[in-house]
Amino acid sequence: MSLFRCPLCAAPLERTEGAFRCPAGHSFDVAREGYVHLLPPNQKHSALPGDDRDMVLARREFLSKEYYRQLLNTICYQVLSISSDAPAILDAGCGEGYYTAGVYRALRAAGRRPRMAGTDISKFALRAAARREREVEFAVASSYRLPLEAESLDVLLNCFSPLALEEFQRVLRPGGWFFYVVPGPEHLWEMKEILYDVPYPNEEKETPYPGFTYREIVPVEGVISLKDRADIGNLFRMTPYFWKTPKAGSERLAALETLEIRISFRVHVFQKEALP
């Protein structure tokens with residue numbers, strides 16, 4: 001049985017040959033790449049929501065070169081340290097699946113038997129994610145209306161994606177773990193110095209959320225060396241700066257052939273509180 005539930009009637013979904021089906025007869029075809037579309041038309045805010053093809057390609061090319069391996073290793077260590085032998089895990093806003101696949105493979109390598117799924121609103125991202133790891137279930141879906149049963153997950157991972165807190169709390173079991181990954185204060189600082197006349201650090205804050213207990217904040221700091229213009233361009237395209245940088249800043253960055261740059265992340269670790 002799938003981790004996913006029918007987005008129309010909330011009944012369990014079962015994967016058959018080429019489709020996910022529920023007992024009520026609703027059927028959702030599996031795309032050639034291996035993902036399923038579970039985002040009803042009335043939940044779409046545009047014809048092609050989420051990251052476009054070029055942004056997904058840039059992220060896939062950049063992450064495949066393991067520039068963010070330090071962050072992935074930290075996430076894997078954290079998940080391994082709290083997971084059971086057969087955890088149910090969701091990567092909400094999974095993008096092209098780099099962290100999803102990495103966590104799944106780390107668990108399998110450690111002898112665990114995870115049931116894992118990833119969701120994103122971009123079909124372009126899901127195409128790449130499903131190709132990356134065939135043993136993970138991937139679905140086009142909104143984080144604000146996840147097609148999952150209440151209290152069905154042991155672990156929920158959210159890397160640089162919208163914080164749908166009420167929905168995350170709904171799908172996690174009491175005692176379940178929530179890993180929320182955000183950029184640190186000086187993430188990509190050297191790039192921002194090139195793009196902007198007056199760069200500013202990212203805000204760093206510790207925000208408690210109702211229904212969750214804050215367990216820790218794990219910092220990840222490092223330096224990466226981008227060795228050609230393609231890598232610099234791919235990193236730029238996968239950041240929000242690509243859409244809001246003045247032309248002069250973009251031209252300064254495009255002229256560079258190499259770039260040494262700081263990476264900085266924070267992994268916020270929460271545990272869902274049990275009912276009294």
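The values are calculated or read from the model by the stated rules, or taken from the named source; none is laboratory data. No experiment lies behind these values; they were computed from the predicted model shown. So basically every Cβ, Gly included, is an ideal-geometry build from the backbone, and we count neighbours across all protein chains shown.
Determine whether Phe179 is surrounded by 13 or more Cβ atoms within 10 Å (Cβ to Cβ), in contact with a helix residue (DSSP H, G or I) (Cβ under 8 Å, 6 or more places away or on another chain) and within 17 Å of Gln78 (Cβ to Cβ).
Considered against the rule, which asks whether it is surrounded by 13 or more Cβ atoms within 10 Å (Cβ to Cβ), in contact with a helix residue (DSSP H, G or I) (Cβ under 8 Å, 6 or more places away or on another chain) and within 17 Å of Gln78 (Cβ to Cβ), Phe179 comes out as yes.
List every residue pair whose Cβ atoms sit under 8 Å apart, with the two residues 6 or more apart in sequence or on different chains, where the first one lies in segment 66-87 and is within 16 Å of Leu157 (Cα to Cα) and the second, anywhere, is exposed (fewer than 13 other Cβ atoms within 10 Å of the Cβ) and of a type in the set (Phe, Trp, Tyr).
none
For segment 100-129: of the residues being among the hydroxyl-bearing types (Ser, Thr, Tyr) and surrounded by 24 or more Cβ atoms within 10 Å (Cβ to Cβ), which is farthest from Glu66 (Cα to Cα)?
Among those that are among the hydroxyl-bearing types (Ser, Thr, Tyr) and surrounded by 24 or more Cβ atoms within 10 Å (Cβ to Cβ), it is Thr119.
Given the options Gly233, Gly249, Gly175, name the one that is on the phi > 0 side of the Ramachandran plot, in contact (Cβ under 8 Å) with a residue 24 or more places away in the chain and not in a loop (DSSP other than H, G, I, E, B). Show your work before the answer.
Values: Gly233 fails: on the phi > 0 side of the Ramachandran plot; Gly249 fails: on the phi > 0 side of the Ramachandran plot.
From the options Gly233, Gly249, Gly175, the qualifying one is Gly175.
Do any residues in segment 151-172 that are of a type in the set (Lys, Arg) have Cβ atoms under 9 Å from those of residues that are surrounded by fewer than 23 Cβ atoms within 10 Å (Cβ to Cβ), where the two are at least six apart or on different chains, and which pairs are they?
If the second residue must be surrounded by fewer than 23 Cβ atoms within 10 Å (Cβ to Cβ), the pairs left are Arg170/Ala150; Arg170/Glu151.
Pairs only if they're at least six apart or on different chains, beta carbon under 6 angstrom, first in segment 117-143 and closer than 10 Å to Gly93 by Cβ, second among the charged types (D, E, K, R); list them, first residue then second.
Note: pairs meeting the criteria are Gly118/Asp91; Ser122/Asp51; Ala125/Asp51; Ala125/Glu96.
What are the residue pairs meeting all of these: first residue in segment 1-22, first residue of a type in the set (Asp, Glu) and at pLDDT below 95, second residue surrounded by 14 or more Cβ atoms within 10 Å (Cβ to Cβ) and part of a loop (DSSP other than H, G, I, E, B), Cβ atoms under 7 Å, and 6 or more apart or on different chains?
Glu14/Ser2
Every residue, every condition in (1) under 26 Å from Val218 (Cα atoms); (2) surrounded by fewer than 24 Cβ atoms within 10 Å (Cβ to Cβ); (3) touching a Ser or Thr at 6+ places or on another chain (Cβ under 8 Å); (4) not hydrophobic (A, V, I, L, M, F, W, C), yes or no:
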site	(1), (2), (3), (4)
Tyr98	yes, no, yes, yes
Arg131	no, yes, no, yes
Arg145	no, yes, no, yes
Leu148	no, no, no, no
Phe160	yes, yes, no, no
Glu167	yes, yes, yes, yes
Pro183	yes, yes, yes, yes
Ile194	no, yes, no, no
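Identify, from the list Glu193, Glu203, Glu186, the residue that is more than 19 Å from Thr74 (Cβ to Cβ), part of a loop (DSSP other than H, G, I, E, B) and charged (D, E, K, R).
Details: Glu193 fails: part of a loop (DSSP other than H, G, I, E, B); Glu186 fails: more than 19 Å from Thr74 (Cβ to Cβ).
So the residue among Glu193, Glu203, Glu186 that is more than 19 Å from Thr74 (Cβ to Cβ), part of a loop (DSSP other than H, G, I, E, B) and charged (D, E, K, R) is Glu203.
Yes or no: segment 92-104 includes at least one residue that is free of Cβ contacts under 8 Å to residues at least 24 places away in the same chain and at positive phi.
Within segment 92-104, none of the residues are free of Cβ contacts under 8 Å to residues at least 24 places away in the same chain and at positive phi.
Do the conditions hold for Glu216, that is, is it acidic (Asp, Glu), modelled with pLDDT under 95, farther than 29 Å from Tyr35 by Cβ and surrounded by fewer than 17 Cβ atoms within 10 Å (Cβ to Cβ)?
no
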